[in-house]
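Here's the structure we're looking at; comments come further down.
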Amino acid sequence: MEEAELTYSVTTPTLFIADHTGVPDSFRGTGAGLAMVQALVAAARKDGFKVMALCPFVRAQAQKHPDWSDVFV
């Protein structure tokens, strides 16, 4: 079974570093990567943490969604 992933590190109780997303070729173009970032943003808002985007895909999505600026540092 192929799976998509978004990996992160918890550096402090209020800061996560998103460092990698991986989407199998069979999922490309389906919105799977965006869905993972959306879930990360929702969790950050719910639990009160910030996200530093080291992953180029996460960083690009953060730039495309200025309404997420409260989450990304």
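The values are calculated or read from the model by the stated rules, or taken from the named source; none is laboratory data. As the structure is a prediction and not an experimental result, all values here were calculated from the model. Here the Cβ positions follow ideal geometry from the backbone for every residue, glycine too, while neighbour counts run over all protein chains shown.
Below is a table of values for the structure above.
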| quantity | calculated |
| --- | --- |
| Within segment 1-63, strands (runs of 3 or more DSSP E) holding 1 or more residues that are within 14 Å of Val73 (Cα to Cα), touching a Leu at 6+ places or on another chain (Cβ under 7 Å) and aliphatic (A, V, I, L, M) | 15-22, 50-53 |
| Residue check for Phe27: aromatic (Phe, Trp, Tyr) and modelled with pLDDT under 95 | yes |
| Output for segment 25-73, where each listed residue is among the acidic types (Asp, Glu) and either within 15 Å of Glu5 (Cα to Cα) or in contact (Cβ under 8 Å) with a residue 12 or more places away in the chain (or both) | Asp25, Asp70 |
